[in-house]
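Each remark here refers to the structure printed beneath this line.
The values are calculated or read from the model by the stated rules, or taken from the named source; none is laboratory data. In this text the structure is predicted, and so the values were computed from the model without any measurement. In this analysis, Cβ positions are derived from the backbone assuming ideal geometry, glycine residues included, and neighbour counts consider all displayed protein chains. Ligands, DNA and RNA are excluded from the accessible area calculation, which covers all protein heavy atoms including side chains. Shrake-Rupley method; radii C 1.70, N 1.55, O 1.52, S 1.80 Å.
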Amino acid sequence: MKVEELKSKVFIFLGPFGTGKTELSMNFSMVRKRMGGEVALADIDIISPYFRIRDFVGILEEEGIKVILPPLHLLHADLPIITATVGGYIENEKYEVILDVGGEDDGVAVLGYLKRFLDEVDYTSFMVINTKRPLYRDPESIVEMVERLSRKGRVRIDFLVNSTNLGGQTEIEDIREGEKILSIVSERMKIPVGFSVVPDFVKDVKGLKYDVFRIRRFLGRIGGWAYENHS
Amino acid sequence: MSEKLMVKGTEAIGESAIRAGCRHYFGYPITPQSELTEYMARRLPKIGGVFLQAESEVAVVNMLYGVSCVGKRVMTSTSSPGFSLMQEGISYMACAELPAVFVNVMRGGPGLGDIQPAQGDYFQATKGGGHGDYRMIVLAPSTLQEAVDLTYISFDIAEKYRNPVLILADGMIGQMMEPVEFPEFVDVEKLKEPDWILNGADGRDPRRITSFDIDPHNLEKIILHLMEKYRKAEENEKRWEDFMVDDAEYLFVAYGTMARILKTVVKLARKEGIKVGLIRPITLWPFPYERIEEMAERVGFILAVEMSTGQMVEDVRLAVKGKTEVLFYGRPGGVIPSPFEVLEVLKKYVKKVRV
């Protein structure tokens, strides 16, 4: 599936925490914005205390993307804030809206609040999965998780996304392994795999079964410098 | 070692504790470490362990006291304000000689503070946050692999000295994600049963575990016995990392996340011709005084950098004994100094020395 060919009013990225939803939704927004229309990216992650869209506003705004955030004075509050403007943008015909949802059951619960808006529009949802995460390594636990989050968020899941990664140490074999596991999940759940996420530093993508979505990495990087691991 | 997995710091610590044989976890959620509590809640029941969310951190520490009395590997994790609440119980456990592993994922303080990463709990961790003459062995990881490795050995250290051990991390270590390899599972059935635990006096003399003796001379004996153990820990447990110190003309001292950032600064500075190195204490207590004193004799100055207004720097001064100038730079309250910011500070001091 080619991201550029998708047509939808709202794109939803959800999944367990630590799978790369934020980075993916940022990159996805940039691709969509370059196609010409108005794009709004909403940070509706009420779970993560750090590494959220709100930490990268500058980069996104430079690209012309409208970033929807909690009110400035509550940006670092440990509070589950979803600003009412999210619903407003979903209703606003001018904008294509991308939702970066927080991880796990509690993060996904936010979608329930947005249900009355989502029911009125066409949405496409992506379940973002990293098979290198400790709790979701095998098809059984992934199937259980997808069913649970879909129920909890009261959304249907349109695509699985293979976001298998080891951060800066990701290799093509890791992504391939993720494809194998997700193809089993896909068959069992009758949900297609949309694409495999491939970071820009992995050059050779030969042997991948699914379409490739290239991403630039932003996390592990704040204010333009990396939390390098020199050990 | 198993294959690499992508984990959060909190999960790295939780899984490593389980592999080290910890089957008892008591906790109370607090940002930025709640995922550790959640992880244990999910994992422990599946492997025959006990997870319990207590009504408060005060209750948690006393539950650890109880489990430790019967000789089981036990752990809790919390963040700054929660750790403050545990101090009374830790003092009791140190006096009663009860091993346990505590994890403090530091956030901005004092008070309720904020939820960003900070290093303001150094004094509390290393100088005795609770009352009385006692110490905690304090381990400070700066990568997630190190968090795994230190957590894994922390239970052995706690049992070796029959004393609480603290993993002192900060919010960044707790929340960031890195690939790690986990060690093999310790066979819990094969762990040697300590000879001091309370497991029923059937067929043997009763044992006593207490932090109380009304007779001052007896209490003094207990305390001197504790001090004897702490002296052994000082002899055996000091850990640190040298980073590009061999030809260093200037020296950084930092731990945890700050040390990680300073490695970047060391490399940036060396590109500009400033030969700076880093000593990273891994045990904050016992502190590697001798290693820093050795380096003090060779460098133009020592710059301690912390995510606080200056706490570890006092131990650096104690180590240096006036043999070189000790300078400090820090940002408190959850602000993380950037490498470029610290590089400018370093260059300013180097310029002063060279003039």
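Below, the figures for the structure above:
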| item | result |
| --- | --- |
| Whole-Hz couplings from phi, Karplus 6.51/-1.76/1.60, listed for the stretch B:212-219; x for Gly and Pro | 9, 8, 5, 8, x, 5, 5, 4 |
| Protein heavy-atom accessible area occluded, A/B pair - total, 1.4 Å probe, Å² | 2900 Å² |
| Carbon + sulfur, % of accessible area of the stretch A:3-220 - ligands and nucleic acids excluded, 1.4 Å | 50 percent |
| Inter-centroid distance (Cα atoms) of the stretch B:86-153 relative to the stretch A:76-103, Å | 38 Å |
| For the stretch A:162-192, residues shielded by at least 40 square angstrom of accessible area compared with the chain on its own, probe 1.4 Å | A:Leu166, A:Gln169 |
| Calculated FRET value between B:Asp156 and A:Ile81, using beta carbons and R₀ = 51 Å, to 0.05 | 0.70 |
| Whole-number accessible area per residue in Å² for the stretch B:29-179, which is evaluated in the context of all protein chains at 1.4 Å | 29 Å² |
| Calculated over the stretch B:6-64: convex hull of Cα atoms, volume per residue (Å³) | 77 Å³ |
| Spherically averaged projected area in nm², based on the convex hull that wraps the Cα atoms of the protein assembly as shown | 29.5 nm² |
| Protein accessible area in chain B, 1.4 Å probe - carbon and sulfur % | 53 percent |
| Buried on assembly, the stretch A:32-69 (at least 40 Å² less accessible surface than by itself, 1.4 Å probe) | A:Pro49, A:Tyr50, A:Phe51 |
| Cα→Cβ-extended label distance, 7 Å offset, between B:Lys352 and B:Glu272, nm | 1.6 nm |
| Gaussian network model of chain B, springs between alpha carbon atoms under 10 Å - residue of B:Arg331, B:Arg208, B:Arg107 with greatest fluctuation | B:Arg208 |
| Separation of alpha-carbon centers, the stretch B:268-342 and the stretch B:188-262, rounded to whole Å | 25 Å |
| Chain B shape via C-alpha gyration tensor axes, a/c threshold 1.5 | prolate |
| C-alpha long axis of helix B:256-271 to longest principal axis of chain B, angle in ° | 20 degrees |
| Which of A:Ile98, A:Ile47 is most accessible, then next, and so on - probe 1.4 Å | A:Ile47, A:Ile98 |
| Per residue value of the accessible surface for chain A (all protein chains in place, 1.4 Å probe), Å² | 42 Å² |
| Drop in accessible area of at least 20 Å² in the complex versus isolated chain, residues of the stretch B:1-19, 1.4 Å probe | B:Glu3, B:Lys4, B:Leu5, B:Met6, B:Lys8, B:Glu11 |
